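The values are calculated or read from the model by the stated rules, or taken from the named source; none is laboratory data. Keep in mind the model is a prediction, meaning the values are calculated, not measured. Positions of Cβ are generated from backbone atoms using ideal geometry, with glycine treated the same way; all protein chains shown enter the neighbour counts. In case anyone asks, the SASA skips ligands and DNA or RNA and just uses the protein heavy atoms, side chains included. Shrake-Rupley method; radii C 1.70, N 1.55, O 1.52, S 1.80 Å.
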Amino acid sequence: VVATVTVIVISGSIKGSRASGIENDRTKDANEAEQRKVLKEAETKTSHVKSYLRSSLTLAAEVPECLHTASGWLQTAEREYRANAFAPFWDAVEQAAIWLGDYNYKVKEISGKAHYYYKELDGCAHTFPVFPVSIQSLPDATFVISELRRITRLGQTNFHFANIWEHRSTRREIVAGFTTLNNAISNLGSAIEDSVSNLRDSISSDLARVVEEQIKTRDAFDSSRQELDKSIDAIDTRLLEQNRMLDNIQHKRTPKVKDIPSKR
């Protein structure tokens, strides 16, 4: 009977140990799975933010070329007007509108990326900078838009040029975001103003200010930590020098020149 009871107790102990081990393994597996999930989410978010950053910088670098090229086509249009070249005049106007439409598209894209950039970073520990594109860093399209309107008006008020315009004004899908060329020329100015305003809102929103404050706090902390590390290194060096001096005194050794601390 005693032998039987002993076997039962030991068996029960082994079963309990195995159950505990299985439970621990399950907990460990669950923790590791959760860690992998968090890491995957962090990697995905980092990839998204990097993409917003890179593409925004690329778009911002391309924006000046859009205005420069549009302006060049408007100058060409004015020369063609003076030469009474009807079709080439409107060709040049179309090209100017296309490039201004591209300017509008790029600013709109930057605005959306700024919004998602700050949304992804909100509440996260990270090393990303403040969104690098500002209104001040983009060229103002006001003058070029004004020139587009002025030169288009020249053609519309000239009978011969106006005849050509009637055939072109309803052409579709010429300028990105606009149904017809006429619609684009009439509304490009207000569309660009809206895009610039949306960009301004994206980079000065409450969310953006919160994230920027987090970045400033992080940078200030990093700077303070670096200064503290320098101070600690300096103290460690000074203590080392003093310890060498004490050791020399205790052993009645003449200190070497490098062991004598300089006056500061």
Kindly establish whether N187 is modelled with pLDDT of 90 or more, of a type outside the set (D, E) and farther than 30 Å from L67 by Cβ.
no
I need a count of the residues in the range 175-192 that are part of a helix (DSSP H, G or I) and surrounded by 14 or more Cβ atoms within 10 Å (Cβ to Cβ).
11
For a quick check of your reading of the model, give me the residue pairs whose first member lies in the range 46-64 and is open to solvent by 70 Å² or more (accessible area, probe 1.4 Å), whose second is not in a helix (DSSP H, G or I), with beta-carbon atoms closer than 8 Å and at least 6 apart or on different chains.
L57/P132; L57/V133
Give the range 73-96 a look and list any residue that's buried (at least 22 other Cβ atoms within 10 Å of the Cβ), closer than 15 Å to F159 by Cα and out of contact with any Phe, Trp or Tyr (no Cβ under 6 Å at 6 or more places or on another chain), or say none.
W90
Hey, can you tell me all the residues within the range 154-174 that are in a loop (DSSP other than H, G, I, E, B), hydrophobic (A, V, I, L, M, F, W, C) and farther than 19 Å from I98 by Cα?
none
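Considering every residue within the range 193-215, establish whether at least one is farther than 30 Å from Q136 by Cβ and either part of a helix (DSSP H, G or I) or at pLDDT 90 or above (or both). Outline the logic, then answer.
To start, the set of residues in the range 193-215 that are farther than 30 Å from Q136 by Cβ comprises none.
The answer is no; no qualifying residue exists.
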Number of positions in the range 101-160 that are open to solvent by 20 Å² or more (accessible area, probe 1.4 Å) and of a type in the set (S, T, Y):
8
So S169 ticks every box in (1) at pLDDT below 95; (2) surrounded by 14 or more Cβ atoms within 10 Å (Cβ to Cβ); (3) under 37 Å from the mean Cα position of the chain (by Cα); (4) more than 24 Å from T58 (Cβ to Cβ) but one. Which box is left unticked?
(3)
Log entry, pairs with first residue in the range 85-110 being closer than 15 Å to L67 by Cβ and in a helix (DSSP H, G or I), second being aromatic (F, W, Y) and at pLDDT 95 or above, beta carbons closer than 8 Å, six or more apart or on different chains, reads Q95/W73; A96/W73; W99/W73
